[in-house]
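The numbers here are math on the coordinates, done by the rules we state, and not lab data. Quantities reported herein were computed from a predicted structural model and do not represent experimental measurements. Quick reminder, even Gly has a Cβ in these numbers, built from the backbone with ideal geometry, and neighbours come from all protein chains shown.
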There are 2 protein chains.
Amino acid sequence: MQLDKFTDYALRVLVTLCVRAPERVSSTEIARVFGLSANHLAKVATQLAHGGFVTSERGRGGGLRLSRPAEQINIGAVVRVLKKSDPVVECFGHNASCLILPVCGLRAPLADAQEAFFASLDRYSLADVTKSQRALAALLTPAG
Amino acid sequence: MQLDKFTDYALRVLVTLCVRAPERVSSTEIARVFGLSANHLAKVATQLAHGGFVTSERGRGGGLRLSRPAEQINIGAVVRVLKKSDPVVECFGHNASCLILPVCGLRAPLADAQEAFFASLDRYSLADVTKSQRALAALLTPAG
């Protein structure tokens, strides 16, 4: 069981924006800081904007920032929104092909387990997971 | 958040062996039934044997079968054992490279969420998830 990379990267974007708020930061810069693909991070940013977690402004001085205070951004909500493209098992997705799908007794237990995973994360806000503000800022702010 | 394919396939192997018990079934046959890679399923079978969930016998008349009654095979235990090679996020694995690892506030919440996922599956045995025995057998037993 694993968090997909897309969600992992989305959480890194939110942590960065939280620590550097109210500054706008481009997805390109966040990609560089973490050593990730800029193209991939741009897609992550688009999803975060669609989910209402960040706002994005184009052009010079543009970039991303949180759409609301970190206390009001729930980690469970972020992971739930981003999981849409990533079913817990193949048979929850669009390309379900498993032979025993119609009679499988694992679907309900797996759906419950997925919900337990999300519910556990519902207990945390972005503010809760960025309490080491100073140490995070030291890592996430370019020198100079 | 998703169950990795390895665990998905392992559950399919266990369901098949449960429904066809006490018959021995080869991983090659299970691969054919589900339309999966035989090579991949052989690796899955090895892990299930290492985990003590199945026994494997080579040669003619050989194959896999459950090492104990389905009531005594816990789904949470299976998923926990197989997850070893598959960390919930990159930073729980051997190739942890995330910049903010030392001060990240997401690690404990994600570890808790993973445990909630497993704990939810701990409530089910292999017998619980294969109650549609007849319908499953019809799908998982070759004609003739």
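In terms of the ratio Rg/(2.2 N^0.38 Å) built on C-alpha atoms, what value belongs to the protein assembly as shown? Mind showing how you got there, number by number?
Details: Rg = 21.9 Å, N = 288, 2.2 N^0.38 = 18.9 Å.
Scaled against compact globular proteins, the figure is 1.16.
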- Would you mind telling me which residue in B:49, B:127, B:113 has the biggest mean-square fluctuation in a Gaussian network model of chain B, where springs connect alpha carbons within a distance under 10 angstrom? B:113
- Normalising by the residue count of the range A:5-140, find the relative contact order in percent from Cα pairs under 8 Å and 6+ residues apart. 29 percent
- Note on the structure: For the protein assembly as shown, the charge dipole (Cβ of Lys, Arg +1; Cβ of Asp, Glu -1; about the Cα centre) points to a positive end, and the Cα of B:89, A:124, A:61 closest to that extreme belongs to A:61
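Could you give the DSSP H helices of chain B that reach 24 angstrom or more along their long axis (alpha carbon positions) and whose average Kyte-Doolittle hydropathy is no lower than 0.0? Let's see the in-between values first.
Details: long enough: none.
Span-like helices, by this rule, are absent here.
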- Message: 7 Å along Cα→Cβ for the label point: how many nanometres lie between residue B:35 and each equivalent label in the other copies, listed shortest first?
- Response: 4.0
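Within a 10 angstrom radius of the beta carbon, how do A:130, B:46 rank from fewest other beta carbons to most?
Working: A:130 24, B:46 13.
In order of increasing Cβ crowding within 10 Å: B:46, A:130.
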- Note, ³J(HN,Hα) from phi for the range A:126-131, Karplus 6.51, -1.76, 1.60, rounded to Hz, x at Gly and Pro: 4, 5, 4, 9, 10, 5
- Task: Once the label point is placed 7 Å from Cα along Cβ, list for residue B:108 the distances to the corresponding points in the other copies, in nm, shortest first.
- Result: 3.6
- Compare the Cα positions of B:101, B:114, B:51 along the charge dipole of chain B (+1 at Cβ of Lys, Arg; -1 at Cβ of Asp, Glu; about the Cα centre) and return the one farthest towards the positive end. B:51
- Item | the range A:84-144 shape via C-alpha gyration tensor axes, a/c threshold 1.5 | prolate
- Note on the structure: Given pairs A:43/A:131; A:43/B:43; A:5/B:131 and cut-off 30 Å on Cα-Cα distance, the over-length ones are A:43/B:43; A:5/B:131
- Cα extents of chain B along the principal axes, largest first, in whole Å, come to 60, 30, 24
- Largest fluctuation, A:26, A:37, A:56 only, Gaussian network model of chain A with Cα springs under 10 angstrom, belongs to A:37
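Please arrange A:83, A:5 by how many other C-beta atoms lie within 10 Å of their C-beta, fewest to most.
So the ranking, lowest neighbour count to highest, is A:5, A:83.
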- Exposure proxy check on A:65, A:123, B:12, A:80: fewest-to-most Cβ neighbours within 10 Å is A:123, A:65, A:80, B:12
- residue A:26's amide H: which non-local residues (gap 5+, or another chain) put their own amide H closer than 5 Å, with H modeled 1.01 Å from N in plane and none for Pro or chain starts? A:64
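Using the Cα centre of the protein assembly as shown as the reference point, and only Cβ charges (+1 on K/R, -1 on D/E), how large is the resulting charge dipole? Debye, rounded to the nearest 20. Each step should come with its number before you reach the end.
Values: 34 positive and 24 negative charges, 80 e Å.
Its charge dipole is roughly 380 debye.
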